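Report on one structure; see the data block that follows.
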Amino acid sequence: MSAKGDMIYASACDPEIKRIGESGGAVTALLKFALEQSMVDAVLGVRRGLDFFDAKPVLITDPEEVARTSGSIYEGTLLLSKLFGKYMHGARDLKIAATLKGCDAMGIYEQAKRGQVDLDNIFMIGLNCGGATTPAMSRRMLTDLFKVDPRTVKKETMYKGHLFIQYNGQEKDLSIPKMEEAGYGRRSNCKRCRMKIPRNTDLACGQWGVREELVGQATFIEICSEKGADLIDRAQKAGAIEVEVPAASCIKARKRREDAVLSLADSWRESDFAPLKNSKERLERMIEETSRCIKCYTCVEVCPALFNQIKPYMTAFPGRVPPGFEFHLIRYAHVADSCINCGQCEELCPMDIPNSLFMHAIQSDLEVCSPEIISRPT
Ligand code: SF4
Ligand code: SF4
Ligand code: SF4
């Protein structure tokens with residue numbers, strides 16, 4: 001019997017799922033099994049849209065369709081949490097299994113705190129996440145650094161601090177820290193993110209800790225809830241997945257990898273937040289940057305902590321563009337304790353205002369000074 005806290009290697013028993021699925025197809029096999037057994041009514045995943053740089057959310061009810069969501073999309077900077085409230089009635093009348101990054105899961109908890117979703121009806125399959133790059137940045141990296149035509153790239157993989165690409169039957173890789181030192185790479189919020197292994201979900205799945213000869217053939221799963229343990233046991237018993245216990249040395253290697261990534265995130269926090277340390281300078285910088293605001297409300301609309309709260313922003317400050325710093329102060333006050341550093345308000349701001357940086361700086365200070373008000377699983 002599995003239990004919360006257990007760590008396993010898992011892979012699909014079905015040879016076709018194993019072949020097309022990422023890292024042995026364990027996640028695809030689990031989702032398919034959950035649908036087949038009516039443990040859930042639908043699966044929410046992400047698949048490739050119009051091209052390699054386009055991530056598209058899909059809701060699947062046919063188990064045979066689950067494999068269409070296999071594989072990683074690093075340019076997919078979607079945040080799935082708001083979809084539950086916006087299009088799925090907060091999962092109140094539908095049991096949904098979703099593949100989620102740590103920030104997606106945090107967004108769901110923020111919505112649950114506001115009564116917008118029914119957590120009991122959401123099965124969270126967490127995917128380890130090293131970070132995402134925007135499609136525009138990705139094209140620049142491929143052209144400038146890899147010297148490859150972005151249209152020829154078929155696959156990207158992050159492994160051991162390198163970004164690997166496959167194109168025209170060839171493979172190339174570059175060191176991610178080196179690309180980031182040169183001003184390329186992941187979104188700045190992702191660089192600062194510490195939610196790399198999403199233990200806030202039911203099952204945290206990824207590659208770290210998979211022993212060398214199993215890389216690409218098995219997924220390392222940390223069981224993070226009783227619900228997760230139950231799915232693993234049932235899927236294993238029914239022959240949907242096969243499971244192996246990792247050696248202690250592999251678990252230690254995973255921990256070392258995680259520690260290294262978290263320490264890198266901490267150094268990005270230090271360097272990003274350093275210019276904002278002094279409260280007067282922070283305020284001056286915020287006033288200056290937000291003076292470009294065109295009051296498009298995108299930062300309000302996309303924020304998982306501001307679900308359904310756009311109206312007061314739309315009626316405040318009529319006729320004023322830019323709207324005045326009060327507009328942003330209200331947003332800071334609404335979100336300060338809840339910001340999950342998902343980066344949406346910054347990435348989608350048409351005026352390139354570093355909204356996420358400001359909000360994350362405030363939230364991080366609150367986390368240190370008043371941790372009791374940040375209430376969500378970590
Ligand atoms: Fe991944 Fe964190 Fe970036 Fe979300 S914020 S995409 S979890 S690195
Ligand atoms: Fe202003 Fe940018 Fe927010 Fe639009 S997204 S309201 S421009 S800060
Ligand atoms: Fe995400 Fe920005 Fe809202 Fe923070 S303030 S949760 S970074 S959208």
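Per the Cauchy relation, a quarter of the hull surface: what is the mean projected area of the convex hull of the alpha carbons in segment 214-341, in nm²? Present the calculation step by step, with values, prior to reporting the outcome.
On the way: hull surface 50.8 nm².
Its average projected convex-hull area is 12.7 nm².
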Please give the per residue accessible area of the chain, computed with a probe of 1.4 Å over protein heavy atoms only, in Å². 46 Å²
Overall Cα dimensions of segment 1-134 - principal axes, largest extent first, Å: 42, 40, 30
Explain nothing, just compute: Karplus ³J(HN,Hα) = 6.51 cos²θ - 1.76 cosθ + 1.60, θ = phi - 60°, for every residue of segment 9-16 in order, whole Hz, x for Gly and Pro. 9, 9, 8, 6, 7, 5, x, 6
So what does Tyr184 come to for accessible area, using a 1.4 Å probe and Å² rounded to 10? 40 Å²
Ranked highest first by average number of other Cβ atoms within 10 Å, how do 42-51, 296-305 line up? 296-305, 42-51
Here the FRET efficiency for Ile20 versus Ser271, based on Cβ atoms and R0 = 41 Å and rounded to 0.05, is 0.55
Collect residues whose amide H, placed 1.01 Å from N in the peptide plane, falls under 5 Å from the amide H of Thr134; neighbours closer than 5 in sequence don't count. Arg187
Any idea how far the Cα center of segment 124-179 sits from the one of segment 23-71, in Å? 22 Å
List the residues, sorted by chain then number, that are 5 or more residues from Asp6 or on another chain and whose placed amide H is less than 5 Å from its amide H. Ile223
Rg ratio (alpha-carbon, reference 2.2 N^0.38 Å) - segment 243-311: 1.86
Remind me, what semi-axes does segment 112-157 give for its equivalent ellipsoid, largest first in whole Å, using sqrt of 5 times each Cα gyration tensor eigenvalue? 37, 12, 9
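Convex hull over the alpha-carbon atoms of the chain: what's its volume per residue in Å³? Mind dumping the intermediate values first?
Numbers: hull volume 54.6 nm³, N = 378.
Value for the chain: 144 Å³ per residue.
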Could you look at segment 235-378 and say what percent of its accessible area is carbon and sulfur, using a 1.4 Å probe and all protein chains? 59 percent
Degrees between helix 248-273 axis and first principal axis of the chain (Cα, 0 to 90, nearest 10): 10 degrees
What per residue convex hull volume, in Å³, do the alpha-carbon atoms of segment 132-204 yield? 110 Å³
Hey, how much of the P(r) for segment 1-79 falls beyond 18 Å, as a percent of Cα pairs? 48 percent
Taking only Cα atoms, what is the 0 to 90° angle, nearest 10, from helix 325-335's long axis to the longest principal axis of the chain? 30 degrees
Rounded to the nearest 10 degrees, the helix 279-290 long axis (Cα) sits at an angle to the longest Cα principal axis of the chain of 90 degrees
Considering only the other residues whose Cβ falls under 15 Å of the Cβ of Gly24, what net charge follows from Lys and Arg at +1 and Asp and Glu at -1? -3
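The values are calculated or read from the model by the stated rules, or taken from the named source; none is laboratory data. Because the structure is predicted, anything quoted here is derived from the model rather than measured. Don't worry about glycine lacking a Cβ; one is built from the backbone with ideal geometry, like all the others, and counts go over all protein chains shown. The area values use the complete protein model at the heavy-atom level, side chains included, leaving out ligands, DNA and RNA. Shrake-Rupley method; radii C 1.70, N 1.55, O 1.52, S 1.80 Å.
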